[in-house]
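The values are calculated or read from the model by the stated rules, or taken from the named source; none is laboratory data. A quick note: this is a predicted structure, and the numbers were derived from the prediction, not measured. So basically every Cβ, Gly included, is an ideal-geometry build from the backbone, and we count neighbours across all protein chains shown. Side chains are part of the model used for accessible areas, which takes the heavy atoms of the whole protein and leaves out ligands, DNA and RNA. Shrake-Rupley method; radii C 1.70, N 1.55, O 1.52, S 1.80 Å.
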Amino acid sequence: MGVRGTRGRAVGVVTRGTTNPNRLRRMDRWIAAVHGGAMRREAEAVAVDLGYGAAPWTAVELLARLRTVRDDVRVVGVEIDPARVEAARPYEREGLVFVHGGFEVPLPGGARPVLIRAANVLRQYDEGEVRAVWERLCSRLAPGGLLVEGTCDEIGRRHVWVALGPEGPRTVTFATRLGSLERPSDLAERLPKALIHRNVAGEPVHAFLRDLDRAWAAAAPFASLGARQRWMRAVGDLAADWPLVGGPGRWRQGEVTVRWEAVAPRGAA
């Protein structure tokens, strides 16, 4: 593929484009809750839905969810397939536009976004290409900006994403609909490209999921109180050994967030 592009050309390759309404709701709610304060502090708030796919649902929903944080936020849907951009035009409205582009993130007026969300975009790339894409996208952020890059299933039950600032990766979040969860390591199939091939013995992310499975099994007596209570007990126990970020308020949403350096691939910068 290549993350390189020639002058004037969009950078990247066309994705499959599959999408569904509400597919990214867990990611969006986390962004609003965790990054909302930073968004409110910016002079202006422009968010990017990068690679929104064959239909514009995720960009439309991102605008609605971020408007709960800041009522003047603007969302730009960026797609590398020109036909998808044209198909999205009828959905434009105040605060929402669609443009042709890729990892160069060509925003109107040269704006620098406070948020770039890239969901299910890097799955088809090679692991070795991820770092260059991250660096390119982070270089486009406003000083207080956030890049959220990750993967979810087709109906949004299971997500894993990495949050990055201009300085690089910060955290990894695992999020799920708890009623559908047999064991936490089922989320491994949705690890982002930077981690999915590292879920093997000897790698930190494998150890993290192993320990979360063990905590989940130990919390089985709490299952009679519901999956949420069992999850909260398991994550609370996990916090004794792993540098988790956030507390019970986020755990209740079926989330657990860990610092990037604790699960980063061995040998990663």
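Residue separation of A262 and R170 scaled by 0.36 nm, minus their Cα-Cα distance, works out to 32.1 nm of gained length. A simple packing score, the average count of other Cβ atoms within 10 Å per residue, orders the peptides 45-58, 198-211 as 45-58, 198-211, with the highest score first.
Taking the alpha-carbon centroid of each part, what is the distance from the stretch 203-269 to the stretch 25-62 in angstrom? Cα centroid to Cα centroid, the span is 25 Å.
The helix-only estimate of mean residue ellipticity at 222 nm for the chain, built from DSSP H runs of length n ≥ 4 each weighted as -39500 (n - 2.57), is -9000 deg cm²/dmol after division by the residue total. With a cut-off of 14 Å between beta carbons, the residues surrounding P113 carry a summed charge of +1, where Lys and Arg count +1 and Asp and Glu -1. Extension gain, A207 to D126, is 26.8 nm, computed as 0.36 nm per intervening residue step minus the present C-alpha separation.
Using the Cβ of L62 as centre and a radius below 9 Å, the other residues enclosed give a net charge of -1, where K and R count +1 and D and E count -1. Surface composition of the stretch 138-269: carbon and sulfur atoms hold 50% of the protein heavy-atom accessible area at a 1.4 Å probe. The residues neighbouring E104, those whose beta-carbon lies less than 9 Å from its own, together hold a net charge of +3 under the Lys/Arg +1, Asp/Glu -1 convention.
Distant-in-sequence amide contacts of T171, defined by a placed amide H-H separation under 5 Å and a gap of 5 or more residues or a different chain, comprise A163, W260.
By how many nm would the segment from R67 to D241 grow when fully extended, if each residue of separation counts as 0.36 nm and the alpha-carbon distance is taken off? Don't skip to the end; give the middle numbers.
Details: separation 174, 0.36 × 174 = 62.64 nm, distance 3.69 nm.
Contour length minus Cα-Cα distance gives 58.9 nm.
Once the stretch 1-152 is represented by equal point scatterers at the alpha-carbon sites, with solvent omitted, what log10 I(q)/I(0) does the Debye formula produce at q = 0.11, 0.16 Å⁻¹? Summing over Cα pairs of the stretch 1-152 leads to -0.36, -0.81. Give the shape of the stretch 139-217 as rounded, prolate or oblate, defined through the alpha-carbon gyration tensor: a ≥ b ≥ c are the square roots of its eigenvalues, a/c under 1.5 means rounded, and otherwise the shape is prolate if a/b is larger than b/c and oblate if not. Verdict is prolate for the stretch 139-217. The fraction of all Cα pairs in the stretch 71-138 landing in successive 5 Å bins from 0 to the largest distance is 3, 14, 25, 25, 18, 10, 4, 1, given as whole percents.
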